[in-house]
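S.K.: Pasting a structure below so you can have a look.
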Amino acid sequence: METLVSCQSILETGETTTEKALQLFDALEAVNLDFMFGRWQGFGLHTSHPMDGLLEASNWYGKEFINSENVHPLLFLDNQGKIIKVAPIYRAMNLALKFPIIKNDFMKPLLKLTPSLLETEKSQARLRMMEYRGKVSATMIYDYLPINDSFRKVDDHTVLGIMDFKHSPQPFFCSQAML
């Protein structure tokens with residue numbers, strides 16, 4: 001019960017430390033593949049990671065898990081509010097880590113335009129059960145990036161995700177809610 005209260009508090013504020021986010025993630029229950037199937041709306045969890053706020057500034061919506069072989073890891077809202085599927089780009093991830101200035105207010109118009117340039121209908125990831133931080137849980141594996149997103153259950157409609165990016169020593173966190 002303490003974990004759920006702590007988790008809800010952290011998710012409501014949208015920020016915490018990396019250490020507390022890791023403690024919370026480790027305390028949560030693993031999820032199976034079936035639990036993840038569907039469209040999830042994402043919410044960033046700020047932990048002083050260089051990518052904090054970047055997805056939100058780009059009109060990020062969330063993720064969609066069709067089945068274990070077909071996953072759309074990046075859904076964004078276009079200028080008309082339509083959900084579009086976007087292909088992740090390795091160079092963009094590295095730029096976001098090295099130059100956090102790209103998420104500043106003056107860059108927002110460019111960030112909001114970028115997803116429409118990378119629109120795709122092709123699946124960009126898959127879903128597998130993998131061990132991460134001592135538990136086997138549903139994990140999204142990007143097709144073309146050295147990134148795995150592992151998920152743990154907050155409640156029947158919410159997961160906490162952790163992005164393990166090979167080139168970032170600090171994990172990136174977000175929550176996903178099934179709407």
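S.K.: If each residue's Cβ is checked for other Cβ atoms within 10 Å, how do 49, 167 rank with the fewest at the top?
M.R.: Numbers: 49 22, 167 12.
Final ranking by Cβ density, sparse to dense: 167, 49.
S.K.: Oh, and also: Order by neighbour count: 58, 68, fewest other Cβ atoms within 10 Å first, most last.
M.R.: Lowest count first: 68, 58.
S.K.: Moving on to the next point. For residue 119, project a label point 7 Å along Cα to C-beta. Then give me every residue of segment 60-81 with its amide nitrogen under 18 Å of that point.
M.R.: Under 18 Å, as judged by backbone N against the label point of residue 119, lie 60-64, 72-81 of segment 60-81.
S.K.: Estimate the FRET efficiency between residue 166 and residue 26 by the formula 1/(1 + (r/R0)^6), using the beta-carbon distance for r and 30 Å for R0, to the nearest 0.05.
M.R.: Step by step, r from the Cβ atoms, then E = 0.90.
S.K.: For residue 131 and residue 15, calculate 0.36 nm times their separation in residues minus their Cα-Cα distance, and state this gained length in nm to one decimal.
M.R.: The span from residue 131 to residue 15 would gain 39.2 nm if fully extended.
S.K.: I'd like the FRET efficiency for residue 41 and residue 143, computed as 1/(1 + (r/R0)^6) with the beta carbon distance as r and R0 of 22 Å, rounded to 0.05. The partial results should precede the final answer.
M.R.: Numbers: r = 22 Å, r/R0 = 1.02.
After rounding, the FRET efficiency stands at 0.45.
S.K.: What trypsin sites (Lys or Arg not before Pro) in segment 121-163 are in a loop by DSSP, with at most 14 other Cβ atoms within 10 Å of the Cβ? Write out the running numbers ahead of the final one.
M.R.: Details: sites: 122, 126, 128, 133, 135, 152, 153; in loops: 122, 133.
Answer by residue number: 122, 133.
Computed from the coordinates by the stated procedures, all read-outs in this text should not be read as laboratory data. This is a predicted model, so every value here is computed, not measured. Ideal geometry is used to build each Cβ from the backbone, glycine not excepted, and the neighbour counts take in all protein chains shown.
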